[in-house]
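Notes to accompany the following structure.
The values are calculated or read from the model by the stated rules, or taken from the named source; none is laboratory data. Just so we're clear, the structure is a prediction, and the values are computed from it rather than from any experiment. Because the Cβ atoms are built from the backbone with ideal geometry, glycine has one as well, and the counts that use them run over all protein chains shown. These accessible areas exclude ligands, DNA and RNA; they are computed on the full protein's heavy atoms, side chains included. Shrake-Rupley method; radii C 1.70, N 1.55, O 1.52, S 1.80 Å.
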Amino acid sequence: MSKVGRNDPCYCGSGKKYKQCHMKADKDAEKERRDWSQAATWLRRDLMKFAREERFNESFALAVPLFWNNYYDMDNVEQMSVLEAMRFIDWFAFDYKLEDGRYLIQVYHEDKQDELSDHQQAVLNGWLKAAPSGAYELRSYEGQILSLRDITTGEDYEVFEAGGRGNVEIGEVILARILPVHDQLEFSASPAYLPGDEIQDLPEKLKAAEDAYKVEHPDASHEEFMRDNSYLIVHHALAQAERVGRPAVARLDTNREDGKTQQLASRMKQKVQKQVIKDIPMQPKTHQKTGE
């Protein structure tokens, strides 16, 4: 709908001026949409900050090479791009099981729920029930609404994406997590996608992995399998990038846009490590007498 002036006839056909008819209701609805959007944006940022707390360091260190299939580990984790870091932390927060059997999103809910606004609490409660990250075929789109189909279940979704479809073509696969935000579905973090020639046998790979998983977990649901194994989708994408000769991750891209920043971060890390070694006090040598 095009913008309506205050003194224009209301779009509803009532014959009244817009300011005397739907203007207040429209402004109230827009404020409500903005409140929900801001709540979700704040939660995404706060959850990423929460995931970097020191108490999760050990789990974080184990999760990095698992998610990235050893393309990243704690020796080079600072070389991840911003988008890679966001996608990893999203998976770490929702799909990686911590040592106590909980997911980080559950710990976040238990620790923070009393500090949140009503909108933030409502959004977070919806996220606790969200499905694991997955792979979705783009079936059609209209503006910012994408019609997607889960390649493993065939279930259809209508997802709002502010940037529209981006570079994704019909039939290609979007790698993302779908989260509820009030009355619509959105992507959790910036999604990645698989071009048509890189989808290859991904559905068959996931089906074979699920069959093997259910041998050891016969009562497991498809959702439980995906939450435990959603990183396999990332592994497929990494292998396909390598197959076609594209850098699988940002640290292997010599032309990356943030390359200078990453080089600086790496040099700073080396300086810090050298300084730590230099500052370690030398212990005096002791000599043990013969026979003692």
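For the range 1-137, please report how many Lys pairs fall under 16 Å Cα to Cα, leaving out neighbours fewer than 8 apart on the same chain.
The number of close lysine pairs in the range 1-137 is 9.
Among Glu169, Glu224, Glu216, which one moves the most in a GNM of the chain with springs linking Cα atoms closer than 10 Å?
Taking springs between Cα atoms under 10 Å, the residue moving most is Glu216.
Counting only helical runs of four or more DSSP H residues, what would the 222 nm mean residue ellipticity of the chain come to if each run contributes -39,500 (n - 2.57) and the total is spread over all its residues?
About -15000 deg cm²/dmol.
Which percentage, to the nearest 5, of the DSSP beta bridges contained in the chain is antiparallel?
Antiparallel bridges: around 90 percent, rounded to the nearest 5.
Round to a whole angstrom and tell me the spacing of the C-alpha centers of the range 30-69 and the range 71-93.
If you average the Cα positions of each part, the centres end up 12 Å apart.
Average the reciprocal distances over every distinct pair of alpha-carbons in the range 89-234, invert the result, and give the Kirkwood radius in Å.
One over the average 1/r among Cα pairs gives 16.3 Å for the range 89-234.
Can you send over the carbon and sulfur percentage of the accessible area for the chain, probe radius 1.4 Å, protein chains only?
For the chain, the apolar C and S fraction of the accessible surface comes to 50 percent.
When Lys and Arg each count +1 and Asp and Glu each count -1, what net charge do the other residues less than 14 Å away from Asp219, Cβ to Cβ, add up to?
-4
For the range 89-240, give the share of DSSP beta bridges that are antiparallel, in percent and rounded to the nearest 5; count only bridges with both residues there.
90 percent
Length gain on complete extension for the stretch Met48 to Asp258, per 0.36 nm per residue less the alpha carbon to alpha carbon distance?
73.5 nm
Quote the FRET efficiency, to the nearest 0.05, computed for Leu128 versus Asp8 with a Förster distance R0 of 45 Å and r equal to the Cβ-Cβ distance.
0.55
Gln144 to Gln200: extension gain in nm, 0.36 nm per residue of separation minus the Cα-Cα distance?
17.4 nm
Taking a quarter of the surface of the Cα convex hull of the range 57-132, what do you get in nm²?
One quarter of the hull surface, i.e. the mean projection, equals 5.8 nm².
For the chain, set up a GNM with springs between Cα atoms under 10 Å and report which of Asp228, Asp100, Asp211 has the largest fluctuation.
Asp100
Please tell me the relative contact order of the range 134-193 in percent, rounded to the nearest whole number, where contacts are Cα pairs under 8 Å and at least six residues apart.
Reported as a whole number, the value is 32 percent.
If you build a Gaussian network model of the chain, linking Cα atoms that sit under 10 Å apart, which residue out of Asp26, Asp156, Asp95 swings the most?
Of the options given, Asp26 has the highest mean-square fluctuation.
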